[in-house]
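To start, the structure under review is shown below, and the notes come after it.
The values are calculated or read from the model by the stated rules, or taken from the named source; none is laboratory data. What you see is a predicted model; the values in this text were computed from it and never measured. So basically every Cβ, Gly included, is an ideal-geometry build from the backbone, and we count neighbours across all protein chains shown. These accessible areas exclude ligands, DNA and RNA; they are computed on the full protein's heavy atoms, side chains included. Shrake-Rupley method; radii C 1.70, N 1.55, O 1.52, S 1.80 Å.
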Amino acid sequence: MAVEDGTGTVEGIAADEAGGSAEELSADALAIRYPVAPGVRLKVRSGPGTHYQLVKVLPLGARVPINCQKPGETISGTYGTTNLWDNIANGQYVSDAYVQTGNDGYVAPRCA
C-alpha cells in the first residue's frame, strides 16, 4: 500500500532516491538506520554482551539498522547506561548505549 506525503508516494520517493523501482529495493535498503555515536568505532558482537565473540568493528560515522532488540550485559556509553542490545544483522549485536535512537527504551521488536 502506498502512503501519500503530498509530493508522491513513499515507495516512489524511495525508489527514485535508490535509482530503481520499489520492487527492486530490498528490505534492508528501506530500513531505518540509526547513527553510531560520533568518534566511536563500535564493536559488533555475536550476542548481547562483551563476553560474546567479536564479529567486526564498524567504521567511524556508521549507521545501523535495528532489526530487533534484547536485554543483555549492562553497558555505559555515549547515550547513557543500558542493558539493551541491538540486532543489526543475523548474529550481530551492538550496545544501544552507542546508537542514537532518540529513545531510552525499545525502538524495535524484542528478538525471539
Exercise. Is it the case that some residue within the stretch 16-26 is in contact with a helix residue (DSSP H, G or I) (Cβ under 7 Å, 6 or more places away or on another chain), at pLDDT below 50 and surrounded by 15 or more Cβ atoms within 10 Å (Cβ to Cβ)?
Worked result: yes
Problem set entry | Hits in the stretch 48-77 (condition: buried (at least 16 other Cβ atoms within 10 Å of the Cβ), part of a loop (DSSP other than H, G, I, E, B) and under 15 Å from the mean Cα position of the chain (by Cα)) | PRO48, LEU58, ALA62, ILE66, ASN67
Exercise. Out of the residues in the stretch 78-101 that are over 22 Å from PRO59 (Cβ atoms) and not β-branched (Val, Ile, Thr), which is most open to solvent (accessible area, probe 1.4 Å)?
Worked result: ASN83
Exercise. Going by the conditions given, is ARG110 over 16 Å from ALA31 (Cβ atoms) and either aliphatic (A, V, I, L, M) or loosely packed, with under 12 Cβ neighbours inside 10 Å (or both)?
Worked result: yes
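Condition check: modelled with pLDDT of 95 or more and either β-branched (Val, Ile, Thr) or within 23 Å of VAL107 (Cα to Cα) (or both). Does GLN53 satisfy that?
no
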For this session: Give the residues of the stretch 76-112 that are of a type in the set (D, E, K, R) and closer than 15 Å to PRO38 by Cα, sorted by residue number.
Result: ASP96
